[in-house]
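All remarks here apply to the structure that follows.
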Amino acid sequence: MKNLFLPVLVLLLFTSCDKRIGQCEKTAESFFAAIMEGDEEAMLKAYPLAYHLHYFPHTDSHKINSVKKISDNRYEVNLANTYTKGDNPITKEVSLYLEPINDNSMKIVDSKGLYPKDNVKLYKYAYRHDMIPNGTETDQQLGAVTDSVRSKLTSVIMKMQFYTNDYFEISHIKWQKLVDSATGSFLITNKSSYTLDSPKYKLTYYNSRDNIVAVDDGRITYSKFRPGDQVKVDIFTLHVGSANSLKIDLDIDLEETLDNILENN
């Protein structure tokens, strides 16, 4: 009796495996068709975690080389992806890792070769600062690293916004009114460990009732503001009205400052 059922069982297993391989090919084709058409919704349907790639992948053509089962619940589609960079066609090896959604469909859960290391500032920052753990290979692993870097830097920038004096010291504020204008200067010292390129300041003028009567802004410097640097900033503001006090702040925009840190550190 055992000998009778064994061939049937083997046949069912091979049939199931062949079915999954076909589903993997179909999902991979759907994913690359969505990329070709610029259809983000369809791309994310095939590969829900593709947003961790930090960009919309590029393709001009692709060719599936192999599909194989690599564990009880995971399959790998290996393919060649060709896209144009500048005027040059580039072909890269890509692996898609898929798992079943149900009996009739698969989804991509990870990949290798789609993450654009050369184009992601977060990745390049992490690489320069040795923040990439050993064994980080797949696109989702790389995405997790860069998401972590973004979270850490975002936290630093928010502290800069709320606790500015811990990072930048503003001192020697001198100003005076000239009819309806204000002129003066202040010193600012970079106490942080970050270099910023052309950072901005904001001036807020108040009257005797602590009402805002004028605002102004400008650049601390038009070059690099490095850790330990001290800069004298001259100010001149028109139409300050009845101003009798002045508040000076750094103008720290989250996304702009994040980009500034990634570019200059």
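At a Cα cut-off below 28 Å, give the lysines reachable from LYS112, other chains included and same-chain residues fewer than 8 away excluded.
LYS19, LYS26, LYS45, LYS63, LYS68, LYS69, LYS85, LYS92, LYS121, LYS124, LYS152
Got a sec? Which residues in segment 174-212 would a label at GLN230 touch, if it sits 7 Å along Cα→Cβ and we count backbone N under 11 Å?
187-190
If one takes the longest principal axis of the Cα atoms in the chain, at what angle in degrees, from 0 to 90 and to the nearest 10, does the Cα axis of helix 254-264 lie?
Tilt of helix 254-264: around 80 degrees.
Where nothing but the Cβ of Lys and Arg (+1) and of Asp and Glu (-1) is charged, how large is the charge dipole of the chain around its Cα centre, in debye to the nearest 20?
Values: 31 positive and 36 negative charges, 118 e Å.
The calculated dipole for the chain is roughly 560 debye.
Work out the length of the dipole vector of segment 200-265 about its Cα centre, built from +1 on the beta-carbon of each Lys and Arg and -1 on the beta-carbon of each Asp and Glu, and round it to the nearest 20 debye.
Computed charge dipole of segment 200-265: roughly 340 debye.
Return the single residue from LEU178, LEU79, LEU114 with maximal mean-square fluctuation; model: Gaussian network over the chain, springs between Cα atoms under 10 Å.
Result for the chain, Cα springs under 10 Å: LEU178 fluctuates most.
Choose one of PHE236, SER208, MET158: the residue whose Cα lies farthest towards the positive end of the charge dipole of the chain (beta-carbon charges +1 Lys, Arg; -1 Asp, Glu; about the Cα centre).
It is MET158.
Show MET36, MET158, MET106 ordered by accessible area, largest first, where the area counts protein heavy atoms only and the probe is 1.4 Å.
Numbers: MET36 110, MET158 90, MET106 10 Å².
In descending accessible area the options line up as MET36, MET158, MET106.
In terms of solvent-accessible area of protein heavy atoms at a 1.4 angstrom probe, what is the ranking of VAL179, VAL77, highest value first?
Sorted descending by solvent-accessible area, the residues read VAL179, VAL77.
May I have the pair-distance distribution P(r) for the chain, computed from all Cα-Cα distances with 10 Å bins from 0 and rounded to whole percent?
6, 21, 20, 15, 14, 11, 7, 3, 1, 1, 0
Note down the net charge around PRO48, summing +1 for each Lys or Arg and -1 for each Asp or Glu among other residues with Cβ under 14 Å from its Cβ.
Numbers: positive: LYS45, LYS107; negative: GLU40, GLU41, GLU99, ASP110, ASP139.
For residues surrounding PRO48, the net value is -3.
Rounded to the nearest 0.05, what FRET efficiency is calculated for LYS68 and ASN134 with R0 set to 25 Å and r the Cβ-Cβ distance?
Once rounded, the FRET efficiency stands at 0.45.
Using the Cα centre of the chain as origin and beta-carbon charges of +1 (Lys, Arg) and -1 (Asp, Glu), tell me which of HIS58, ILE261, PRO227 is placed farthest towards the positive end of the dipole.
The residue sitting farthest along the positive end of the dipole is PRO227.
Restricting the calculation to Cα positions, tell me the Rg (one decimal) and the Dmax (whole number) of segment 61-219 in Å.
Just the Cα atoms of segment 61-219 yield Rg and Dmax of 26.2, 81 Å.
Once you have the alpha carbon radius of gyration of segment 225-265, what is it after dividing by 2.2 N^0.38 Å, with N set to its residue count? Can you show the working numbers first?
Working: Rg = 14.9 Å, N = 41, 2.2 N^0.38 = 9.0 Å.
Dividing the Cα Rg of segment 225-265 by 2.2 N^0.38 Å gives 1.65.
Give me the dipole magnitude in Debye, nearest 20, for segment 38-176 about the Cα centre, with unit charges on the beta carbon: positive for Lys and Arg, negative for Asp and Glu. Before the final figure, lay out the partial values.
Details: 17 positive and 18 negative charges, 74 e Å.
Here segment 38-176 has a charge dipole of around 360 debye.
Once every DSSP H run of n ≥ 4 in the chain is given -39500 (n - 2.57) and the sum is divided by its residues, what mean residue ellipticity at 222 nm do you get, rounded to the nearest 500 deg cm²/dmol?
Numbers: 5 runs with 86 residues, N = 265.
Helices in the chain give a 222 nm mean residue ellipticity of -11000 deg cm²/dmol.
The values are calculated or read from the model by the stated rules, or taken from the named source; none is laboratory data. Quick caveat, the model's predicted, so the values are computed rather than measured. Glycine gets a Cβ as well: all are built from the backbone with ideal geometry, and neighbour counts include every protein chain shown. Note: areas computed on protein heavy atoms with side chains; ligands, DNA, RNA excluded. Shrake-Rupley method; radii C 1.70, N 1.55, O 1.52, S 1.80 Å.
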